[in-house]
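The values are calculated or read from the model by the stated rules, or taken from the named source; none is laboratory data. Just so we're clear, the structure is a prediction, and the values are computed from it rather than from any experiment. Counting neighbours? That spans all protein chains shown, and the Cβs are built from the backbone with ideal geometry, glycine included. Note: accessible area is taken over every heavy atom of the protein model, side chains too, but ligands, DNA and RNA are not part of it. Shrake-Rupley method; radii C 1.70, N 1.55, O 1.52, S 1.80 Å.
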Amino acid sequence: MKRKIGQSYLVWLQNSNLYFLLEEPAWYVFSRVAKRYKTETIARDFSHRYSVDLAESLTFVRDIRARTEKMNQMKAWVEGDFQSSSEISNFRNPCFSSAYYILGTKVIRFTYGNELLERYIRPLIRHLEITANDAVAHFELFEYEDEVVFRLNNEIVDVWTKQESHLVKGRVFIELVNILHNKTNEDWLMTVHAAAVTNEKKTILFSASPGSGKSTFSALLQSRGFHLISDDFVPFAKDSLNAYPFPGAMSVKEGAMGLLKNYYPELEGQPLTQVTPEKKVRHIPIANEKMDLLFPVSEIVFIKYDQAVEFELEELDFTQGLRLLLQQIWVPPKPENVEILFDKLEQLSFLQLTYSDTDRALETIEDIFAHE
């Protein structure tokens, strides 16, 4: 599936569920590779069209063909796309720990099979723990032989190899937001790796690569009266560009403690969680009672703290912003989702914020919130 955007083409490969933007002359080659033209034929036509040496044309065409074929062979996650046996279904979770959580007004139970699996999820929802003896749903994470298993209400939801364990958190979170917002998997258009902050009129997403200051900046906005409705995982329904709240705690790295403890003194009493061998974090709870704050997103701000840059705010053209956004989204690999996504993306505007002057950056974002 493709969509022309300005001078670029946005392409979706269904097998791998990957997106990429192509411009001429790469699009010329890709479109002919997709039509199964022979490499030599494409290279000859390319050489004439762009006045490029035939040997260089062959190299260029072979490179694009190789990358396209490699990407298209990768297998995307599809709901229920795993081999489940009766042994896994009936396997008794060893139950390293178990807890009850309140999601909005609904209670769920979560059982963890071992300490590592507990560490994936529990620190992020520990602030939602309550004392209870009944629940609307039972979540289970456990290991079976060399696989990680997610079971919900005694039904296998997904199974991963140890090498795919990074996928566990997102899959569990989808089922949590389903319960929280009375949704099913079919209702969601996509999820975005971003923080969502609202002023109860509109929501702005702040997205960044890990360690770029996204959570710190969002926490500072919250200290100024805005509402942080999700720190790292933002779902969008198919029928709107509203960002849906998710009450997973905000992760605060050790480097941000000196600044944030002035606004969140409770941080110093929070335990350090070893997320990776190199990274420890503390967590700030997100208010569970703010889960009805649904407001449209029109701006996505890509944020980076850089001591060498005092303040720089750049409005990105749509293609630039889209390239960055595609690195941060997950869309279920279904053509109808992709078609809706292509239609809705052009309603968004993109900004790049690089700063070390925190006060100026915060004041600028406040002005963007105030602008309707």
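Name the one entry in THR161, THR131 that is in contact with an Asp or Glu (Cβ under 7 Å, 6 or more places away or on another chain) and open to solvent by 10 Å² or more (accessible area, probe 1.4 Å). Break it down stepwise before answering.
Details: THR131 fails: in contact with an Asp or Glu (Cβ under 7 Å, 6 or more places away or on another chain).
When all the criteria are applied, what remains is THR161.
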| Under 6 Å by Cβ, and 6 or more places apart or on different chains, what pairs join a residue from segment 314-332 that is open to solvent by less than 80 Å² (accessible area, probe 1.4 Å) with one that is polar (S, T, N, Q) and part of a helix (DSSP H, G or I)? | VAL331/ASN337
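Kindly indicate which of LYS279, LYS290, LYS304 is over 19 Å from the mean Cα position of the chain (by Cα) and in contact (Cβ under 8 Å) with a residue 60 or more places away in the chain. Outline the logic, then answer.
Details: LYS279 fails: in contact (Cβ under 8 Å) with a residue 60 or more places away in the chain; LYS304 fails: over 19 Å from the mean Cα position of the chain (by Cα).
None of the others qualify; the one that does is LYS290.
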| task | For ILE340, indicate whether it is outside any strand (DSSP E or B) and either touching a helix residue (DSSP H, G or I) at 6+ places or on another chain (Cβ under 7 Å) or over 17 Å from ALA195 (Cα atoms) (or both). | result | yes
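For the subset of segment 343-361 comprising residues that are open to solvent by 30 Å² or more (accessible area, probe 1.4 Å) and assigned to a loop (DSSP other than H, G, I, E, B), which member is farthest from GLN320 (Cα to Cα)? Reasoning before the result, please.
Step one: filter segment 343-361 for residues open to solvent by 30 Å² or more (accessible area, probe 1.4 Å), giving 343-344, 346-347, 349, 352, 356-360.
With the extra rule that they be assigned to a loop (DSSP other than H, G, I, E, B), the set shrinks to 346-347, 356-357.
On the way: GLU346: 12, GLN347: 15, SER356: 23, ASP357: 24 Å.
Of everything passing the filter in segment 343-361, ASP357 is farthest from GLN320 (Cα to Cα).
With respect to ILE303, determine if the residue is among the β-branched types (Val, Ile, Thr), in a strand (DSSP E or B) and open to solvent by less than 50 Å² (accessible area, probe 1.4 Å). Break it down into steps so the answer makes sense when it comes.
Numbers: among the β-branched types (Val, Ile, Thr): yes; in a strand (DSSP E or B): yes; open to solvent by less than 50 Å² (accessible area, probe 1.4 Å): yes.
So ILE303 fits the description; yes.
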| Filtering segment 184-208 down to residues that are in contact (Cβ under 8 Å) with a residue 24 or more places away in the chain and polar (S, T, N, Q), which residue is surrounded by the most Cβ atoms within 10 Å (Cβ to Cβ)? | THR203
| Qualifying residue in segment 240-256 (condition: within 19 Å of HIS193 (Cα to Cα), buried (at least 18 other Cβ atoms within 10 Å of the Cβ) and more than 19 Å from the chain's Cα centre (by Cα)) | no
